[in-house]
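All of the numbers you see were taken from the coordinates with simple rules; none came from a lab. Not measured: the values here are computed from a predicted model. Here Cβ is always computed from backbone atoms with ideal geometry, including for glycine, and neighbour counts include all displayed protein chains.
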Amino acid sequence: MASPWRCVLSLSPQQRLDVLSLLNRSEALLGREAIDEGRRRAVVHGWRAQHWLYYDEGVLTKYAMSSGDEHAIVEMCGGDYDEELLAHLLAAHEVVDWWTRGPQSCEYAHCTVIRMLQMLRVKLPVPVDDVPPGAVLRNFETRRDEGAWLEQNNAAFANHPEQGAWHQHDLDERTNEPWFDPSGFLLLEIDGRIAASCWTKVHELHPDRFGEIYVVSVHPDFQRHHLGRVMVTQGLNVLFRKGVMDAVLFVDESNDAAKKLYDSLGFRLEREDRLVRFSRNY
């Protein structure tokens, strides 16, 4: 019997609407995002990707997006896992890394957890650390700060698998989104350089209207001066002034220094997302 799973590189207008409808329904049921923001953005804008579709009697009931050639990275709507889809992927890829979100865990045979992201949440307000003497805290300005911010952020995340090699188009994709608000994108300048930054986001369409520390980073030349704490608390204060009552952020489970900071500010663990690896020849 032929598999219902089908892979397309470009969604038709109807398929795009089907996927968005499934994502929206899933988010309403889960009370959280159904898929990574970047993958949702690819669907919204109709970008080419490896779109996996599963129709049951004409209704899209499962969706996943994968990327990569020999080594694939995949996420399924809702953070789920599907044995049949895994078989398809392993037929084409030597290694498959699969994001499982929320309560899912590595309970599947022949896989290894290779990364864990923790989602932390805090109630607002929190005490705000002052800006150091001589430093200037201001908002990000488009067509002025892009290059300097990319240099600062990429230096801070030089060894990070996702945030360490951003280009102009990566920044443009996000600053062109309807949710982008430069009043929530803070830059800290010291001696004319961007030393640190905190980019916040308000999830306006979520029923709980919560905030997020979207990206926070300190340039290596300015680390060990507690600027991370300054920027996080200043960012949380911006969210609180917008009427947001709680905020979230994501941190790698292995980042002990960052977790210690967030714990001291009152952040508490809400969810753990795992990246699990499957190999064709286990």
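Across the stretch 5-104, the relative contact order, built from alpha-carbon pairs under 8 Å that are at least six residues apart, equals 27 percent. Plainly put, the stretch 121-273 has a radius of gyration that is 0.93 times its Kirkwood radius, both from alpha-carbon atoms, as the Rg/Rh ratio.
The helix-only estimate of mean residue ellipticity at 222 nm for the chain, built from DSSP H runs of length n ≥ 4 each weighted as -39500 (n - 2.57), is -8500 deg cm²/dmol after division by the residue total. Of all DSSP beta bridges located in the chain, what percent are antiparallel, nearest 5? In the chain, approximately 90 percent of DSSP beta bridges are antiparallel ones. Relative protection proxy for 128-140, 80-92, from highest mean packing down: 80-92, 128-140 (other beta-carbon atoms within 10 angstrom). Applying Stokes-Einstein at 25 °C and 0.890 mPa s to the Kirkwood radius of the stretch 5-147, computed over alpha-carbon pairs, gives a translational diffusion coefficient of 138 µm² s⁻¹.
The relative contact order of the chain comes to 23 percent, based on Cα pairs under 8 Å that sit 6 or more residues apart. Each part reduced to its alpha carbon centroid, the stretch 55-91 and the stretch 1-39 end up 10 Å apart. Legend: Rg and Dmax of the chain, from Cα coordinates, 20.1, 70 Å. Of the beta bridges in the stretch 157-281, as assigned by DSSP with both residues counted there, near 85 percent are antiparallel.
Anisotropy class assigned to the stretch 241-282 is prolate, per the alpha carbon gyration tensor with a/c at or over the 1.5 cut-off and a/b larger than b/c.
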